[in-house]
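One structure is given here, and the rest of the page talks about it.
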Amino acid sequence: MKIMPCPLNGPRNISEFVYGGEVTSLPDVETAPDKEWAEHTFYAYNGTGVAKEWWYHVASGYWFIAERHRVTDQILRTYDPSEDRTLFPAAATTDAAAATQPSAEAVKEEITE
Amino acid sequence: MPFGLLKYGLSNNYPFEKDADLPPPTALKKRYDVVIIGGGGHGVATAYYLAKYHGITNVAILEKGYLGGGNTARNTAVIRSNYLTSDGVKFYAESVKLFRDLSNEFDFNIMYSKRGQLTLAHTDAAIRGFRQRTEVNKHFGGKTELIDPQQIRELVPTLNMNPGHQPVLGGLWHIDGATARHDAVAWGYAKGATQRGVELHQLTEVTDVIVENGKVKGVKAKQGSAEHTIECGIAVQAVAGHSSLLAEKAGFRLPIVTYPLQAMVTQPVKPFLDPLVSSPAFHCYVQQTGRGELVFGGGSDPYPLYNSRSTLELKEQLLAHAVELFPFVANLKLMRQWTGLTDMTSDYSPIMGLSPVENYYLDAGWGTWGFKSTPICGKTMAELVATGKVPELIKPFGADRFSEFRQVNEMGATAASH
């Protein structure tokens, strides 16, 4: 059994989780050309290093980020999306309580796959 | 004979048979007209057709392991063309036709065995989908029928018609469905190619692709600790499972994500299962090999990884489904299990043809549908190398389709996962 250390539920069997694709940021909806959208949609990271990925705990409906090595399958770090400064620059600054509860829309927007 | 044996027994040199299927290894040359990276089925098939139809024999196949030892040896050897899109069906149907004559053509038995392939429908929606696939298949010359439960019972009397409270409502009966020995396909092509002068270099890993002014100039390769720089006019990459990594060395990215795919085989039993049976709803397919073993396969792993490790979860899930379909196999013991790497594209079609680098051709994105396309892939890639023009049959599969939003949505690609 492979264990996923869930930031919300603690260590759980990985079969309780669904892989949700690479963590990327959405191109500018108003201005991005088709080429950039194609890049965003189809060209995911496929190297042999550490990838930053969305994972979803099905039973608790909780999305989080995991940093996982794509060769050894080692999960190096998992954390709540609010801790990611590239996704939520404001949330990571002061209000720690608010930061643990990211708005559902904000998380959803980033889930692209 | 006994004296000959004694002589070899006392000699330091390993004797090379005069009529061996493959010639002894030679030293790498400085330059080849064509370098094929990857000595799996696709690579050697490309070399074979280059030599046979186009007279191009100054060709080197560079293989980092041994001939056909990568994903060619790890698939479940299913040959079929019951796909969904017209582009897909045309392409795979051509491949199925070529497979039939390969044993004769090679003078080497690939153990081709036409069994028919049966895909089960457990819902009305699946029946509707199958009806469409039947018509597309017939239109492009394939032999596919939509059959009812009674016909299924006659074809596979041992099948549980009411598995897991999801009764079998009908089936897609693909009469052209077949299987063959996957290693032998690679060996046969290699034999034919090397007889015509192609060089096969095993244990030769390509470490870099040399590109100058957007044009491929050669490759760097490693044999043990020896480094070689090999010039070439044209290079073809056929490295299923590592396509993204090699492309990166050539300086571009591919719209591929690599997932492991696990399969397994049981101890041999008496023949009872003639057709290849698959159930998309149960994410599982089952077939009996010529030796009597049952092969179980399913979809790719649930998340990307470059690792041929094995997981108990996937085996339990897959076998639980297989046991629903054939309850009496529950007591069989598994003999082997293995994992291959599948280069998945988002539309379940391959990436073939031109690349951003001039004279560097792609044969990638073979996900879970690579083995069955080996002959046609070799033939069309050879034509591309020889003429520099992308053959009609593979035009829809160009890498540029992703940036132009004209994907070939092949939902019939994996018998198991849709």
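Annotations for the structure displayed:
- Filtered trypsin sites (Lys or Arg not before Pro), the range B:28-58: DSSP coil and at most 16 other beta carbons within 10 Å: B:Lys29, B:Lys30
- Gyration tensor verdict on the range B:101-248 (Cα atoms; rounded if a/c is under 1.5, prolate if a/b is larger than b/c, oblate otherwise): prolate
- Per-pair calculated FRET efficiency, R0 = 22 Å: A:Trp37 and B:Phe252 via Cβ, rounded to 0.05: 0.75
- Longest segment of chain B lacking GluC sites (Glu not before Pro) that sit in a DSSP loop with at most 11 other Cβ atoms within 10 Å: B:18-403
- Zone residues, the range B:148-177, relative to B:Ala320, backbone N less than 14 Å from point 7 Å out along Cα-to-Cβ: B:164-165
- Remark: mean inter-chain Cβ contacts per residue of A:42-54 equal 5, using a 10 Å Cβ-Cβ cutoff to other protein chain atoms.
- Modelled this way, with points 7 Å down the Cα-to-C-beta line, the labels at B:Asp21 and A:Thr72 are 4.0 nm from one another.
- Full extension of the chain between B:Glu105 and B:Asp274 gives 58.3 nm of extra length, using 0.36 nm per residue less the Cα-Cα distance.
- The residues packed around A:Phe17, meaning those with a beta-carbon under 12 Å from its beta-carbon, carry a net charge of 0 if Lys and Arg are +1 and Asp and Glu are -1.
- FRET efficiency for B:Arg196 and B:Tyr66, using Cβ-Cβ distance with R0 set to 25 Å, rounded to 0.05: 0.75
- For chain B, a Gaussian network of Cα nodes joined below 10 Å ranks B:Ser225, B:Ser243, B:Ser403 by mean-square fluctuation, and the top entry is B:Ser225.
- Shape category assigned to the protein assembly as shown from the gyration tensor of Cα positions, a/c cut at 1.5: oblate
- Dipole magnitude of chain B about its Cα centre (Cβ charges: Lys, Arg +1; Asp, Glu -1), debye to nearest 20: 460 debye
- Within chain B, helix-based [θ] at 222 nm, where runs of 4 or more DSSP H residues each add -39,500 (n - 2.57), nearest 500: -9000 deg cm²/dmol
- Spin-label model, B:Lys114/B:Arg336: points 7 Å from Cα along the beta carbon direction are separated by 2.8 nm.
- Length gained on full extension, A:Ile3 to A:Asp28: 5.4 nm, using 0.36 nm per residue less the C-alpha separation.
- Accessible area in square angstrom per residue, the protein assembly as shown, 1.4 angstrom probe: 45 Å²
- Loop-located trypsin sites (Lys or Arg not before Pro) in the range B:324-380, at most 14 other Cβ atoms within 10 Å (DSSP): B:Lys333
- Over 22 Å (Cα to Cα) - which of B:Lys97/B:Lys143; B:Lys114/B:Lys270; B:Lys191/B:Lys379; B:Lys29/B:Lys395; B:Lys64/B:Lys217 fall in this group: B:Lys29/B:Lys395
- Cut-off 16 Å (backbone N to label point 7 Å along Cα→Cβ of B:Ala226), residues of the range B:49-80: B:61-64
- Here is the interface size for A with B: some 1900 Å² of accessible area buried, both sides summed, with a 1.4 Å probe.
- For the range A:1-57, chymotrypsin sites (Phe, Trp or Tyr not before Pro) meeting the loop criterion (DSSP other than H, G, I, E, B) and having at most 14 other Cβ atoms within 10 Å: none.
- Portion, in percent, of the accessible area of chain B that falls on carbon or sulfur, probe 1.4 Å: 52 percent
- DSSP-defined beta bridges in chain B - what % are antiparallel, rounded to 5: 70 percent
- Counting every pair of alpha carbons in chain B, the share spaced more than 33 Å apart comes to 34 percent.
- DSSP-defined beta bridges in the protein assembly as shown - what % are antiparallel, rounded to 5: 80 percent
- Modelled FRET efficiency - R0 51 Å, B:Glu313 with B:Leu5, Cβ distances, 0.05 increments: 0.50
- Computed lengthening from B:Glu404 to B:Lys389, 0.36 nm per intervening residue step minus Cα-Cα distance: 3.4 nm
- Inter-site label distance for A:Thr86 and B:Gln151 at 7 Å from Cα along Cβ, in nm: 5.3 nm
The values are calculated or read from the model by the stated rules, or taken from the named source; none is laboratory data. In this text, all values refer to a predicted model and were calculated from it rather than measured experimentally. Here Cβ is always computed from backbone atoms with ideal geometry, including for glycine, and neighbour counts include all displayed protein chains. Note: areas computed on protein heavy atoms with side chains; ligands, DNA, RNA excluded. Shrake-Rupley method; radii C 1.70, N 1.55, O 1.52, S 1.80 Å.
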